[in-house]
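**Student:** The structure's right below; bear with me while I get my questions together.
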Amino acid sequence: MPEPSEQFGPIRVQRSGGIATVVIDNPPVNASSWDVRRGLLTAIEQMSADPSVSGIVLIGAGKTFIAGADIKEFDGPLRDPQMPAVIAAVEACAKPVVAAIHGAALGAGYELALGCDARIVAADAIVGLPEVMLGIIPGAGGTQRLPRLVGLSAAIDLITAGRRVKANEAVALGMVDAMSTGDLHADAVQLARSVQGRKRRLSELDVPAESDADIAAAADRAIGRAKGAAAIVEAITAIQKAATLPFAQALAEERATFQRLRQSTEAAAKRYLFFAERDAFRVPGIEHARARAVTSVGVVGAGTMGAGIAICFLDAGLPVTLIERDRNALDAGLARIRSTYQRMVDTGRIDSATMAQRLARVTPSTDLAALAGADLVVEAVFEDIAVKQTVFRELDRVLKPGAILGSNTSYLDLDVLAREISRPGDVIGLHFFAPANVMRLLEVVRGAQTAPDVLATALAVAKAIRKLPVVARVCEGFIGNRIYSAYRTQCEFMLEEGALPADVDAAITSFGFAMGPFAVTDLSGLDIAWRTRQRLALIRDPKARYSDVLDKLCEAGRLGRKAGKGWYSYPEGGRRGVPDDAVRAIVEDASRRRGITRVQMTPGQIQARALAAIVNEATLLLAEAIAARPSDVDLVLVNGYGFPSQHGGPLFWASRQPRAEIEAGLNALAASVGHGFRRGDVGKVLDQFKT
Ligand code: 3HC
Ligand code: NAI
């Protein structure tokens, strides 16, 4: 008979046969918030002093061990006891302590496990130190204890990549000691008994010997990944101290770095994005809607996007019926899918058996009738409303009742498509980003008539295929492309006013974007924007400022990298664009034709204007309820358009700037755009960040 349990806040202790099981019960993910730390410390100290206890097992209630520190607490000072004190008590305890891990043992959760004398995992466990993803380094001994288990170079790889390691691999790497055979708790109790009072403190072990070259190579790999992220560089320094400083001193220095980084703007931005991602799934008004079942999917159009979209579903284990307009196009689409998988095999990301399994789930066809059994169809045919309307009308005829019709359109009016058919409530925009199988963002476009359960299904499907959905309402370009288009237009105006493409791109990349707008357009092709401009020519306000530089480039055959020339030229088909005098001539000619005296712009002025364009358009979108909340806009820009995540997205960034500077940027933007400029109530949006 188990003895009655003792309770210390969210911590429960159950004793049986001399072993005390300490259960952490802090739903939903057992984050180690203050009351957890306090309860754990009390429980460990009491069990340590109790002569009837010979060993301790730490285990999580619910679906997980401990997902990490409670990052909601990170905005203010941390209350005592802090995690290092809890771990010190585990190490000081004379009895062996075993961590029994199921679900996630991440960050402080895994650090607590590293403070124990042994670690045993269930098959579903995931362990790791993902702190750098939050702009911090491990702060409870992770940089000191993990190297003692796996060596310095492996620790550098694991910590700087923030890797979450599955149970099997964790055992193989030595990150944990044993795999449970089924009953995790029973196995952990057995382990606590078998060590018979012996302690195995990782802090007392030496760091395994390794060649300096291996350690330097791991550090170089990590620096290559860092892209300016302070946390990665600081993590390498901290890990290396495991081999050079006494344990206690290195531990104190790790904690000091953790505390300093925790209070940085970059860490605040990363935390904001963490919670923003979870908020994005909460869509007002559909709380009671139940997602429809989706067990088979159709994709119409197997071009660049369709092939990538099919892969997203195949990777998630769903069968896909792939439709093209003729046999040749179908074969080309299948070849695209096959070659993507082949690259994954070649780079060791999947094995060839997995590739074969995924490809076997594709049913190719040139007949839309093959979609009769599909629960969800995603259309990715040409960006042409007439072509899409025809496809939708045919889908309406062949799809079963309740099937969902998704469109991957980038700009077109979803409501026009929905009006075409007898079931407008089943229509939704599913705007994937290229490459669709790589990019996490999925704009979910809610049409005027989209049914709540169709929206709920889209969110559930997004989760199943590991995408980050952000819900948008219908407008030209939805959230992302509409903002991007305002930004790009402003960048083109700056060319007419005195900058050159390389000046703008350099200013934008020095802000932290991976690429500047002109390098991006060269990559995707100038003709996409050209076609959009032609489509919009009839409805454009003739008095509004319009830069025709891009049109002139297209007319000169400068369609981007694929043509060997665009905003830059690409000698011998190279990937690196070089500034081209022909482009300078077209730009300077545009200034002359508009009677603009060219004035050189500083990187700071370019950034201020480009960011003002983004922030202003985001504000207008929010006022029009195209986006539901500022954090949704930030997620779209960070995950779809290369906005640097260390700034948290344009609105988070703006909320942290002096208001006068933001106003000055908006004034400069207004003067540049001139006629028809719409100024958003930016102050009102940024006030929402004051809490
Ligand atoms: N702190 C506070 N809340 C957290 C949290 C954390 N560390 N981790 C998850 N949550 C919350 C989420 O916000 C969400 O709340 P909501 O229901 O109100 O939206 C809820 O827990 C469930 O989270 P998910 O939706 O993410 O659930 P999943 O089942 O999809 O994923 C998980 C679970 C894999 C544990 C995932 O939540 C996760 O990766 N969490 C963060 C892990 C992490 O980064 N840990 C390190 C923290 S830093 C640290 O420990 C510092 C140390 O070195 C001192
Ligand atoms: P694409 O030209 O590479 O592919 C379109 C495919 O659709 C072609 O293979 C074509 O044969 C096929 N197709 C055309 N009409 C068809 C029909 N009636 N039935 C079956 N198949 C048909 O174009 P891409 O780039 O894949 O774009 C597709 C859609 O995705 C467009 O709406 C585009 O705006 C959108 N999109 C494109 C992005 C990109 O970066 N390329 C990003 C996000 C969305």
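The values are calculated or read from the model by the stated rules, or taken from the named source; none is laboratory data. Note that this is a predicted model, so its numbers are computed, not measured. FYI the Cβ positions are ideal-geometry reconstructions off the backbone, even for glycines, and counts take in every protein chain you see. The area values use the complete protein model at the heavy-atom level, side chains included, leaving out ligands, DNA and RNA. Shrake-Rupley method; radii C 1.70, N 1.55, O 1.52, S 1.80 Å.
**Student:** Work through the residues other than Thr597 whose Cβ is under 15 Å from its Cβ and net out their charges, Lys, Arg +1 and Asp, Glu -1.
**Tutor:** It works out to a net charge of 0.
**Student:** Using helices alone, what [θ] at 222 nm do you get for the chain, with -39,500 (n - 2.57) per DSSP H run of 4 or more residues, divided over all residues and rounded to the nearest 500?
**Tutor:** -15000 deg cm²/dmol
**Student:** For Lys199, go through the aspartates and glutamates and keep the ones whose alpha-carbon is under 20 Å away, minus same-chain ones fewer than eight residues off.
**Tutor:** Partners within reach: Glu45, Asp50, Glu91, Glu111, Asp117, Asp177, Asp187.
**Student:** Shifting gears a bit: So how do Glu91, Glu496 rank on accessible area, 1.4 Å probe, biggest first, that is with the largest at the start?
**Tutor:** Details: Glu91 20, Glu496 0 Å².
Reading off the accessible areas and sorting them downward yields Glu91, Glu496.
**Student:** Using alpha carbon centroids, what distance separates the stretch 177-226 and the stretch 1-57, in Å?
**Tutor:** First find each Cα centre; the distance between them is then 24 Å.
**Student:** Accessible surface of Asp527 in the full protein assembly, 1.4 angstrom probe, to the nearest 10 Å²?
**Tutor:** Probe radius 1.4 Å; accessible area of Asp527 about 30 Å².
**Student:** List the residues, sorted by chain then number, that are 5 or more residues from Ala374 or on another chain and whose placed amide H is less than 5 Å from its amide H.
**Tutor:** Excluding prolines and chain starts, which carry no amide H, the hits are Lys400.
**Student:** Could I ask something else about it? Under 1.5 on a/c is rounded, so check that first for the stretch 84-145, then, if it is not, pick prolate when a/b is larger than b/c and oblate when it is not; a ≥ b ≥ c are the square roots of the alpha carbon gyration tensor eigenvalues.
**Tutor:** Since a/c reaches 1.5 but b/c is at least a/b, the shape of the stretch 84-145 is classed as oblate.
**Student:** Could you list which residues have their amide H under 5 Å from that of Val121, counting only those 5 or more apart in sequence or on another chain, with H placed in the peptide plane?
**Tutor:** The answer is Ile101, Ala178, Met179, Ser180.
**Student:** Can you give me the relative contact order of the chain as a percent, contacts being Cα pairs under 8 Å and 6 or more apart?
**Tutor:** Value for the chain: 9 percent.
**Student:** Continuing with the same structure: Considering only Cα-Cα distances, which of the following residue pairs are longer than 20 Å: Lys227/Lys270; Lys400/Lys463; Lys95/Lys241; Lys388/Lys562; Lys63/Lys270; Lys227/Lys690?
**Tutor:** Lys400/Lys463; Lys95/Lys241; Lys388/Lys562; Lys63/Lys270; Lys227/Lys690
**Student:** Using a 1.4 Å probe and counting only protein heavy atoms, arrange Tyr110, Tyr411 so the residue with the most accessible area comes first. Can you show the working numbers first?
**Tutor:** Numbers: Tyr110 0, Tyr411 40 Å².
Heavy-atom accessible area, descending, gives Tyr411, Tyr110.
**Student:** Could you order Ser631, Ser655 so the one with the most accessible surface comes first? Probe is 1.4 Å.
**Tutor:** My answer, sorted largest first, is Ser655, Ser631.
**Student:** If you average the alpha carbon positions of the stretch 104-158 and of the stretch 286-362, how far apart do those two centres end up, in angstrom?
**Tutor:** Cα centres, the stretch 104-158 to the stretch 286-362: 35 Å.
**Student:** Moving on to the next point. Hey, how many Å between the Cα centroid of the stretch 455-506 and the Cα centroid of the stretch 532-602?
**Tutor:** Using only Cα atoms to place each centre, the spacing works out to 20 Å.
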